[in-house]
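One structure is given here, and the rest of the page talks about it.
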Amino acid sequence: MKMVKSTLAILTTAAVLGVSGFAHAGATLDAVKKKGFVQCGISDGLPGFSYAEAGGKYAGLDVDVCRAVAAAVFGDAEKVRYSPLTAKERFTALQSGEIDILSRNTTWTSSRDAGMGMNFIGVTYYDGVGFLVNKKLGVSSAKELDGATICIQAGTTTELNVSDYFRSNGMKYTPITYDRSDESAKSLEAGRCDVLTSDQSQLYAQRIKLANPDDYVVLPEVISKEPLGPAVRRGDDEWFAIAKWSLFAMIGAEELGVTSANVEEMAKNAKNPDVARLLGAEGNFGNDLKLPKDWAVKIVKQVGNYGEVFERNVGMGSALKIKRGLNAQWNNGGILYAPPVR
Amino acid sequence: MSTHTFKPDLPPPNRSIGAWAWMRANLFSSVFNTLLTLLALYLVWLLVPPMIKWAFLDATFRGTERSDCTPGGACWVFIKMRFGQFMYGFYPPELRWRVDLTLLLAIVGTVPLFIKAMPRKAIYGIAFLIIYPVVAWVLLHGGVLGLDAVPTSRWGGLTLTLVIASVGIAGALPLGIFLALGRRSEMPAVRVLCVTFIEFWRGIPLITVLFMSSVMLPLFLPEGMSFDKLLRALIGVILFQSAYIAEVVRGGLQAIPKGQYEAASAMGLGYWRAMGLVILPQALKLVIPGIVNTFIALFKDTSLVIIIGLFDLLNSLHQATVDPVWLGMSTEGYVFGALIYWAFCFGMSQYSQRLERRLDTSHRS
């Protein structure tokens with residue numbers, strides 16, 4: 001999502017000029033430890049993913065990933081500094097070493113993974129382009145949208161996805177393109193369009209903006225794959241592993257039933273060997289990652305397991321009220337699956 | 001012999017004075033004007049009552065939460081709850097007094113400059129211009145004298161807008177004056193340099209300058225080395241606006257009659273003294289409207305830093321509207337932002353008019 005051609009061009013230029021120097025293995029961890037904080041690239045404001053709370057503290061799903069990495073490295077989730085980045089700036093910021101980790105609802109695609117000098121550490125949210133419609137239309141599936149007027153947010157791949165979807169289903173539509181999400185929400189409300197389309201995670205945020213959110217419904221169809229994930233600079237495998245396993249620890253902890261409330265208790269007397277290994281009660285798997293033994297305990301204690309993070313930021317505990325769907329554990333109807341710690 | 005006493009003058013007929021006559025003369029003087037007046041009245045009636053209803057009558061002022069707000073009216077609770085962030089950005093709340101103090105010092109420090117009888121005003125002014133930025137930097141950024149450091153990435157809101165605007169103005173004006181002088185210089189190298197500089201910066205949009213400074217520049221720097229984002233923006237704004245100021249000032253220089261230059265030479269003044277004592281004081285006075293116009297544009301252009309992820313007033317407003325708790329409050333936010341921008345720009349415009357009147361030596365009459 002939010003693929004920007006010019007970024008590609010810039011990065012190509014950079015590569016040709018040989019300025020996108022790659023870090024040596026281990027350099028990032030040392031540098032991070034030396035400066036005492038993780039520099040984390042986040043969005044310039046996206047409901048549920050990264051936004052500033054009243055006190056000026058950042059919160060959101062993307063923010064919590066960075067906090068987890070800081071908890072693993074320093075044992076303190078607060079040792080993070082944030083760089084709010086626009087969609088166009090984000091890759092340069094990672095490449096040039098301005099940030100240590102990019103956690104900015106970025107879709108994992110082949111061109112970004114292979115061509116932009118970065119490595120995605122996993123998926124934090126399985127998203128996709130969806131539709132928000134007025135209940136009055138009586139539509140229950142996207143297949144019934146033939147002839148609809150659709151409000152689309154400009155500058156994202158949404159336009160392409162919608163066009164592909166309608167063409168492959170032999171349906172017609174009239175697009176109205178908007179630059180900002182506020183405008184498209186107002187437009188839907190005023191009836192200028194029948195349908196509002198965007199990433200499904202953002203449709204829930206758009207819905208709250210409407211005067212009567214209950215009159216609108218997000219259709220079940222998702223017409224594109226948008227796996228959102230954080231990324232680190234390519235070339236530093238050690239830092240890559242730390243970031244990757246910080247995320248896996250959160251996902252794995254949920255599967256094993258470890259929560260921020262019971263993690264210390266479970267670390268002391270873990271009966272399940274998987275839990276014992278994850279929490280460092282058995283073996284010392286943090287050592288391989290160059291992390292302290294109780295790295296996962298710190299993450300879960302201070303940030304929470306994936307389920308807690310999800311519910312707090314975008315799920316039922318938040319204003320957005322997004323259902324888990326694909327983002328549930330593999331044994332619970334979703335596709336989240338963390339490799340084991342052992 | 002009887003003296004003739006004049007009767008007192010009768011008041012003019014009602015039809016030629018008072019509100020009624022004014023209306024007849026200005027609003028209903030012809031059929032066409034009457035139609036226009038009625039149309040305008042209709043538009044006012046159409047627009048103003050709903051606005052007042054939204055902004056005041058149906059609006060919610062009290063409370064602390066979104067749920068306190070009644071639907072249909074403005075929710076000023078949102079502005080109230082986020083006010084600190086709009087003013088100071090992410091500046092640590094317990095250190096906000098430092099921002100207040102910086103602003104207070106600026107106001108107190110400039111007061112003597114407005115007192116007409118103040119002796120040695122020029123020396124004071126120059127001293128203020130040299131000392132104040134240092135004091136402001138120490139106060140805002142800290143890190144020395146036992147003050148906690150607040151990195152520029154935490155500056156935001158109106159504070160950041162004012163910092164960018166004032167540094168931009170303070171930097172662009174002198175640079176612009178030198179460029180204007182350089183462009184009229186008789187030394188070819190200086191002239192070519194200044195013309196190139198001015199035409200280059202005037203030929204590209206500010207948004208490109210900001211974008212280049214934050215996207216391209218880091219790629220050409222060695223890894224790990226990064227310029228402060230705010231500094232990049234400030235340099236971009238100063239260079240960009242100085243080109244505009246230069247052209248405005250050049251307009252003023254061209255309006256000064258040749259006799260003034262010759263008179264200055266005849267007095268035995270060298271180039272710098274002739275410029276500083278004779279030409280520039282007259283030229284700058286002439287172009288006050290143009291300079292202030294550029295400054296007002298600069299003040300509003302600061303909102304473009306949104307493109308490089310700095311949280312000025314406008315971006316802070318935007319940032320607050322994406323907090324899930326306050327989603328959908330963008331109208332209130334933007335109305336509030338517009339009021340603040342308007343107040344500052346109107347203030348600048350009023351000040352410039354006062355300055356024009358005070359410096360007026362009536363060459364025109």
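The residues in the stretch A:296-342 that are within 14 Å of chain B (Cβ to nearest Cβ) and among the aromatic types (F, W, Y) can be counted, and the count is 1. Residues in the stretch A:153-204 that are among the aliphatic types (A, V, I, L, M) and away from chain B (no Cβ under 14 Å): A:A154, A:L160, A:V162, A:M171, A:I176, A:V195.
Could you tell me whether any residue of the stretch A:116-138 is more than 22 Å from A:V38 (Cα to Cα), free of Cβ contacts under 8 Å to residues at least 24 places away in the same chain and more than 10 Å from chain B (Cβ to nearest Cβ)?
Yes, there is a match, as at least one residue in the stretch A:116-138 is more than 22 Å from A:V38 (Cα to Cα), free of Cβ contacts under 8 Å to residues at least 24 places away in the same chain and more than 10 Å from chain B (Cβ to nearest Cβ).
Residues in the stretch B:320-342 that are within 12 Å of chain A (Cβ to nearest Cβ), in contact with a helix residue (DSSP H, G or I) (Cβ under 8 Å, 6 or more places away or on another chain) and in a helix (DSSP H, G or I): B:A320, B:T321, B:P324, B:V325, B:W326, B:S330, B:E332, B:G333, B:Y334.
Among residues of the stretch A:74-101 being in contact with a Pro (Cβ under 9 Å, 6 or more places away or on another chain) and modelled with pLDDT of 90 or more, the one that is farthest from B:R154 (Cα to Cα) is A:G75.
Quick check: is even one residue across the stretch A:74-83 among the hydrophobic types (A, V, I, L, M, F, W, C) and within 12 Å of chain B (Cβ to nearest Cβ)? So that I can check it myself, show each step before the final result.
Keep residues of the stretch A:74-83 that are among the hydrophobic types (A, V, I, L, M, F, W, C), which gives A:74, A:77, A:80.
Add one more test, that the residue is within 12 Å of chain B (Cβ to nearest Cβ), and what stays is none.
No, the stretch A:74-83 contains no residue that is among the hydrophobic types (A, V, I, L, M, F, W, C) and within 12 Å of chain B (Cβ to nearest Cβ).
Take the stretch B:247-270 and flag every residue that is surrounded by fewer than 13 Cβ atoms within 10 Å (Cβ to Cβ) and part of a helix (DSSP H, G or I). Across the stretch B:247-270, the qualifying residues are B:Q254, B:A255, B:K258, B:G259, B:E262, B:A266. Count of the stretch A:263-291 residues, restricted to those that are surrounded by 12 or more Cβ atoms within 10 Å (Cβ to Cβ) and assigned to a loop (DSSP other than H, G, I, E, B), is 12.
Kindly indicate whether any position in the stretch A:292-301 is of a type outside the set (V, I, T), crowded, with 18+ Cβ neighbours inside 10 Å and under 18 Å from A:L61 (Cβ atoms).
Of all residues in the stretch A:292-301, those of a type outside the set (V, I, T) come to A:292-296, A:298, A:301.
With crowded, with 18+ Cβ neighbours inside 10 Å added as a condition, the list becomes A:294-296, A:298, A:301.
Add one more test, that the residue is under 18 Å from A:L61 (Cβ atoms), and what stays is none.
No: zero hits.
Among residues of the stretch A:39-63 being closer than 14 Å to A:A319 by Cα and facing chain B (nearest Cβ under 7 Å), the one that is surrounded by the fewest Cβ atoms within 10 Å (Cβ to Cβ) is A:E53. For A:R207, the stated conditions hold: it is among the charged types (D, E, K, R), within 12 Å of chain B (Cβ to nearest Cβ) and in contact with a helix residue (DSSP H, G or I) (Cβ under 7 Å, 6 or more places away or on another chain).
Where in the stretch B:171-239 are there helices (runs of 4 or more DSSP H), lying fully within it, with 1 or more residues that are surrounded by 15 or more Cβ atoms within 10 Å (Cβ to Cβ), within 14 Å of chain A (Cβ to nearest Cβ) and among the aromatic types (F, W, Y)?
Here the list reads B:206-211.
From the set of residues in the stretch B:253-307 that are within 14 Å of another protein chain (Cβ to nearest Cβ) and touching a residue at least 60 places away in the same chain (Cβ under 8 Å), which is farthest from B:V215 (Cα to Cα)? Lay out the reasoning, then the answer.
Let us first name the residues in the stretch B:253-307 that are within 14 Å of another protein chain (Cβ to nearest Cβ), namely B:303-307.
Subsequent filtering for residues that are touching a residue at least 60 places away in the same chain (Cβ under 8 Å) retains B:303-305, B:307.
Values: B:S303: 18, B:L304: 15, B:V305: 13, B:I307: 10 Å.
Among those that are within 14 Å of another protein chain (Cβ to nearest Cβ) and touching a residue at least 60 places away in the same chain (Cβ under 8 Å), it is B:S303.
Look at A:Y165 and say whether it is of a type in the set (S, T, Y), more than 30 Å from B:S330 (Cα to Cα) and within 27 Å of the chain's Cα centre (by Cα). Spelling it out, A:Y165 is indeed of a type in the set (S, T, Y), more than 30 Å from B:S330 (Cα to Cα) and within 27 Å of the chain's Cα centre (by Cα). Out of all the residues in the stretch A:269-277, is one or more more than 23 Å from the chain's Cα centre (by Cα) and closer than 30 Å to A:A31 by Cα? Yes, the stretch A:269-277 contains a residue that is more than 23 Å from the chain's Cα centre (by Cα) and closer than 30 Å to A:A31 by Cα. Being of a type outside the set (G, A, S), assigned to a helix (DSSP H, G or I) and closer than 25 Å to B:F211 by Cα: is that true of B:L310 here? Spelling it out, it is not the case that B:L310 is of a type outside the set (G, A, S), assigned to a helix (DSSP H, G or I) and closer than 25 Å to B:F211 by Cα.
Here B:L160 fits the description: among the hydrophobic types (A, V, I, L, M, F, W, C) and surrounded by 20 or more Cβ atoms within 10 Å (Cβ to Cβ). Within the stretch A:114-124, the only residue that satisfies the criterion of being surrounded by 24 or more Cβ atoms within 10 Å (Cβ to Cβ) and within 16 Å of A:I335 (Cβ to Cβ) is A:T124. Taking the criterion of being of a type in the set (G, A, S) and either buried (at least 24 other Cβ atoms within 10 Å of the Cβ) or within 14 Å of chain B (Cβ to nearest Cβ) (or both), the residues of the stretch A:97-113 that qualify are A:G97, A:S103.
A quick yes/no check of all residues on (1) touching a Leu at 6+ places or on another chain (Cβ under 9 Å); (2) within 30 Å of B:P71 (Cβ to Cβ); (3) buried (at least 18 other Cβ atoms within 10 Å of the Cβ):
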| residue | (1), (2), (3) |
| --- | --- |
| B:R273 | no, no, no |
| B:A283 | yes, no, yes |
| B:V305 | yes, no, yes |
| B:V335 | no, yes, no |
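Taken over the stretch A:256-301, the criterion of being of a type in the set (S, T, N, Q) and either touching a Ser or Thr at 6+ places or on another chain (Cβ under 7 Å) or more than 28 Å from A:D236 (Cα to Cα) (or both) is satisfied by A:T259, A:S260, A:N262, A:N269, A:N272.
Here A:E98 meets the list (1) within 18 Å of A:W239 (Cα to Cα); (2) assigned to a helix (DSSP H, G or I) almost entirely, failing just condition (2).
Of the residues screened, A:D146 is one that is away from chain B (no Cβ under 14 Å) and at pLDDT below 90.
Quick check on this structure: which one of B:V77, B:V144, B:V99, B:V150 is within 14 Å of chain A (Cβ to nearest Cβ), assigned to a loop (DSSP other than H, G, I, E, B) and at negative phi?
Details: B:V77 fails: assigned to a loop (DSSP other than H, G, I, E, B); B:V144 fails: within 14 Å of chain A (Cβ to nearest Cβ); B:V99 fails: assigned to a loop (DSSP other than H, G, I, E, B).
Just a single option satisfies the conditions, and that option is B:V150.
The values are calculated or read from the model by the stated rules, or taken from the named source; none is laboratory data. Every value quoted in this text rests on a predicted model; they were computed, and no experiment measured them. Note that each Cβ is placed from the backbone with ideal geometry, even for glycine, and that neighbours are counted across all protein chains shown.
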